[in-house]
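Colleague: Just dropping this structure here.
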Amino acid sequence: MNIGMLIVAIVGGLAGFLSTVYLVISLPAVIIWKIIRHFKSGCALTD
């Protein structure tokens, strides 16, 4: 396999992996933060 194609495959795979990890961590964190804020200060969940 060409070294250039190997580098492109690694960079592309890494970018996909990192974006997936970011979404898996940040989405539940935002939802949990909104629920906590709702019970502590009475803010609406959509604010």
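The values are calculated or read from the model by the stated rules, or taken from the named source; none is laboratory data. In this text, all values refer to a predicted model and were calculated from it rather than measured experimentally. Keep in mind that these areas ignore ligands, DNA and RNA; they rest on the heavy atoms of the full protein, side chains included. Shrake-Rupley method; radii C 1.70, N 1.55, O 1.52, S 1.80 Å.
Colleague: Over the stretch 1-46, with the other protein chains present, what is the accessible area per residue in square angstrom, probe 1.4 angstrom?
Modeller: 88 Å²
Colleague: So between Ile35 and Val8, what do we pick up on full extension, going 0.36 nm a residue minus the alpha carbon distance?
Modeller: 5.6 nm
Colleague: A further question follows. May I ask you to evaluate 6.51 cos²θ - 1.76 cosθ + 1.60, the Karplus curve with θ = phi - 60°, for each residue of the stretch 9-19 and list the ³J(HN,Hα) values in order in whole Hz, giving x for glycine and proline?
Modeller: Each residue's phi maps through the Karplus curve to give 5, 5, 5, x, x, 5, 5, x, 5, 5, 5 Hz.
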